[in-house]
């Protein structure tokens with residue numbers, strides 16, 4: 001019967017093959033960041049990959065966000081007014097097919113904000129239980145824990161998965177959960193093992209503790225991002241490590257939750273299961289680097305095609321900045337464009353009107369809070385890549401096993 005123990009009581013011997021795969025994946029992530037910086041579209045690529053990571057994570061729950069409608073929701077949220085999002089405007093306002101689509105898009109938006117919180121506060125906030133509660137709350141409710149009131153579970157873990165795996169796995173009792181989480185946070189704050197290996201070990205432990213009633217996959221992945229960023233492996237770019245789990249959700253579930261599939265974890269075979277999971281995480285990191293390369297190439301081609309059609313703008317102008325911004329944020333408002341470029345509202349407005357006359361962008365009439373500009377070619381490119389790299393039908397991880 002497997003139940004998690006404190007991390008300080010455990011020793012992890014990762015196989016040479018898995019160590020080699022992890023090292024290769026980490027080199028790929030470093031190269032990915034270097035390419036993005038030299039491509040001069042790092043901000044755009046970062047937003048594309050952050051959105052891809054959020055969409056992938058939601059797909060692991062069996063949901064399929066629609067990109068175009070999500071981009072419109074992001075533009076509304078960037079205006080600084082969350083009330084319409086939380087209240088729920090008529091769902092067709094953003095082009096959603098129904099209320100469920102709107103709610104899925106809100107979940108993606110919340111996860112993106114949790115990612116940004118991690119990359120914005122990594123050095124300022126200690127790695128402790130309060131930090132974990134905040135990223136969990138941001139992903140679930142779009143606000144920090146002090147506002148949502150979320151906390152570590154105080155009741156016995158009850159789920160269909162736990163019942164099915166009861167012969168091989170026993171979740172820790174409520175009285176033991178907080179101490180296990182505190183121990184995990186201490187482990188997360190240390191520089192032990194390689195960054196990917198440390199993140200993988202932490203995620204495996206987190207899932208076996210089950211400190212929350214729901215949202216485990218989201219928070220576990222956010223915790224991995226916090227580790228990778230604090231260890232310096234990802235800085236300017238957010239690696240979409242959730243893409244491979246979204247592509248091959250059954251393998252993700254079997255590697256991370258073997259006891260949900262009736263596999264008995266013993267002292268003799270424990271490292272085999274953990275090594276398999278670390279290997280899957282290495283693969284996920286490498287796939288994320290390949291996806292980043294694909295999106296970066298597409299962004300550079302798109303920017304080049306716009307410049308061919310429109311002509312080269314003046315250096316340092318609002319137009320030049322917009323050509324760098326639009327591939328990553330192809331649906332935006334004037335206010336949002338000004339914030340992303342650092343240029344004045346009037347300069348950005350004039351630039352967008354010039355781009356509209358040139359056919360690079362168009363406006364959506366139904367947006368009531370100000371003009372909404374759409375670079376349709378960029379939307380089509382992002383949608384096309386997304387359809388090529390992810391399965392048409394999303395699989396709910398928790399439905400497996």
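What follows is calculated from the coordinates using simple rules that are stated; it is not laboratory data. Just so we're clear, the structure is a prediction, and the values are computed from it rather than from any experiment. Positions of Cβ are generated from backbone atoms using ideal geometry, with glycine treated the same way; all protein chains shown enter the neighbour counts.
Built from the Cα atoms of the stretch 282-328, the convex hull projects on average onto 3.6 nm², one quarter of its surface area. For Rg and Dmax of the Cα atoms in Å, the value calculated from this model appears in [x] 20.3, 63; [y] 21.8, 69; [z] 24.5, 83 under label [y]. For the peptides 258-267, 321-330, the ranking by mean Cβ contacts within 10 Å, running from highest to lowest, is 321-330, 258-267.
Helix 42-59 and the longest principal axis of the Cα set of the chain meet at an angle near 50°.
Between the Cα long axis of helix 67-78 and the first principal axis of the chain there is an angle of about 80°, rounded to the nearest 10.
Using a Gaussian network model of the chain in which every pair of alpha carbons under 10 angstrom is joined by a spring, one finds that among 145, 282, 114 the greatest mean-square fluctuation is at 145.
Look at the alpha carbon pairs under 8 Å that are at least 6 residues apart: their mean separation over the length of the chain gives a relative contact order of 27 percent. Under a Gaussian network description of the chain, with springs only between Cα atoms under 10 Å, the residue in 102, 357, 66 that fluctuates furthest is 357. For the Cα atoms of the chain, what angle does the longest principal axis make with the long axis of helix 376-389, in degrees from 0 to 90, nearest 10? In the chain, helix 376-389 runs at an angle near 20 degrees to the longest axis.
Taking the three principal axes of the alpha carbon atoms in the stretch 155-256, the coordinate ranges are 42, 32, 21 Å, sorted in descending order. Comparing 355, 296, 52 in a Gaussian network model of the chain (Cα springs below 10 Å), the most mobile by mean-square fluctuation is 355. Would you mind classifying the stretch 98-157 by shape? Square roots of the alpha carbon gyration tensor eigenvalues, ordered a ≥ b ≥ c; an a/c under 1.5 is rounded, otherwise it is prolate if a/b is larger than b/c and oblate if not. Here the stretch 98-157 falls in the oblate category.
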